[in-house]
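Inspection log for the structure reproduced underneath, given as structure tokens.
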Number of protein chains: 2
Amino acid sequence: MRDFSRSLPMSLLRAREAVMRQFRPSLRQHGLTEQQWRILRALAALEGAEVTELARTAFLLGPSLSRILRDLEARNLIERKTAKADQRRSMVSISKDGVKLMASVAPTSEAIYAEITRRFGARKLAELQQMLGELEHTLAGLGSADDTRAEE
Amino acid sequence: MRDFSRSLPMSLLRAREAVMRQFRPSLRQHGLTEQQWRILRALAALEGAEVTELARTAFLLGPSLSRILRDLEARNLIERKTAKADQRRSMVSISKDGVKLMASVAPTSEAIYAEITRRFGARKLAELQQMLGELEHTLAGLGSADDTRAEE
DNA sequence: CGAAGATGCTTAACATGTTAAGTGAATGCG
DNA sequence: CGCATTCACTTAACATGTTAAGCATCTTCG
């Protein structure tokens, strides 16, 4: 059998870990996990979204998102209000505290990303992301059907 | 701020998920998680290894590995014995049941991998893995020091 | 209208990720 | 030798990943 340490899943896992290792300490200093940070960023970009939409954007499964939103709301970093038209849906938005927190994290985060880009090379990085996108697209629809998470 | 859905971490996450989505159902049918499968494969390749070495190979953190080994041992898929020379170390090896289980999973797993390779293109896949390896190497040593997990 | 089904979200249960602390065994060194 | 340090691994505690159930609300259609 193939040397599994050279398999595609392992390559992807190690590469992602190498990248995230750069960001985690900074996020941690601000009391945020990687996933919480994704949610805040998504909310800042979307300016309010339904939970399902947020799950798709932040690439989180419903149950994870449910828990995280509960915690972020308790920390006053986000706000929720149920939609009037459809009581099942709830609109989530980032709070003022949330915006403030983002502002305090963003500079370091941007700097790290810039350093990664510089080291790896902007062109190469673009190529890599191109290929990753193609891989994702190639496999879309191969596996199970219903995809609440990604799959736009 | 950058559209975070196009950031490198998200690209890597989505790509990996697209790949793993192909394998999970088959593994699940055999009562294995992705991580348990990694450990079995690593053990089959190494023919017995110390826990730390196994963590490095299967790219798992110590605490995760500890729990998983406990469970795999309870299921009689692996065996452990403490080293004579150094009582702190324990040698882990795959059991006969473990080998049997691997044999029952491997064909499907190989078929899925072959299909992914076929769809994406073997050459492109090699290119992608090459770039992933470079990315990993580029970032090695940038972040925190001590790396018990990977970083050979 | 009203019951059956679909939808949006949450809870539950178990497995792993992540960091810190704990434990026993080896090592280094005065 | 003896004691502090290091080492290999495990436990603990909390956050997320993953699948299955649960629970309202909404929609569909007779």
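The residue of region B:1-24 that is farthest from A:L46 (Cα to Cα), among those that are facing another protein chain (nearest Cβ under 7 Å) and touching a residue at least 24 places away in the same chain (Cβ under 8 Å), is B:Q22. Selection of region A:66-87 for residues being within 13 Å of DNA strand C (Cβ to nearest atom) and touching a strand residue (DSSP E or B) at 6+ places or on another chain (Cβ under 8 Å) yields A:L69, A:L72, A:E73, A:I78, A:E79, A:R80, A:K81, A:T82, A:A83. If you check A:P25 against the conditions, is it within 12 Å of DNA strand C (Cβ to nearest atom), closer than 20 Å to A:P107 by Cα and surrounded by fewer than 13 Cβ atoms within 10 Å (Cβ to Cβ)? The answer is yes for A:P25. The residue list A:S90, A:S109 contains one member that is over 30 Å from B:A126 (Cα atoms) and more than 9 Å from DNA strand C (Cβ to nearest atom), which is A:S109.
Per the listing B:E50, B:E73, the residue uniquely surrounded by fewer than 17 Cβ atoms within 10 Å (Cβ to Cβ), of a type in the set (D, E, K, R) and touching a residue at least 24 places away in the same chain (Cβ under 8 Å) is B:E50.
The set of residues in region B:38-47 being surrounded by fewer than 21 Cβ atoms within 10 Å (Cβ to Cβ) and closer than 15 Å to B:L72 by Cα consists of B:A44 alone. Close contacts from region B:118-130, counting a first residue that is surrounded by fewer than 14 Cβ atoms within 10 Å (Cβ to Cβ) and a second that is part of a helix (DSSP H, G or I), with Cβ to Cβ under 6 Å and a gap of 6+ residues or different chains, come to B:R119/A:T138.
Helices (runs of 4 or more DSSP H) fully within region B:25-121 that include at least 2 residues being within 11 Å of DNA strand D (Cβ to nearest atom) and more than 14 Å from chain A (Cβ to nearest Cβ): B:51-58, B:62-74. Selection of first residues in region A:96-117 that are within 16 Å of A:Q36 (Cβ to Cβ) and of second residues that are assigned to a helix (DSSP H, G or I) and among the polar types (S, T, N, Q), restricted to Cβ pairs under 9 Å at least 6 apart or on distinct chains, gives the following pairs, ordered by first then second residue: A:V105/A:S26; A:V105/A:Q29; A:T108/A:S26; A:T108/A:Q29; A:S109/A:S26. Part of a helix (DSSP H, G or I) and within 14 Å of DNA strand D (Cβ to nearest atom): is that true of A:S11 in this structure? Here the answer is no, as A:S11 does not meet what is asked.
A quick yes/no check of all residues on (1) out of contact with any Gly (no Cβ under 9 Å at 6 or more places or on another chain); (2) surrounded by 14 or more Cβ atoms within 10 Å (Cβ to Cβ); (3) in contact (Cβ under 8 Å) with a residue 24 or more places away in the chain:
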| site | (1), (2), (3) |
| --- | --- |
| B:Q36 | yes, yes, yes |
| B:P63 | yes, no, no |
| B:I78 | no, yes, yes |
| B:M91 | no, yes, yes |
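Each reported figure results from applying straightforward, stated rules to the coordinates on display, with no laboratory input. No experiment lies behind these values; they were computed from the predicted model shown. Ideal geometry is used to build each Cβ from the backbone, glycine not excepted, and the neighbour counts take in all protein chains shown.
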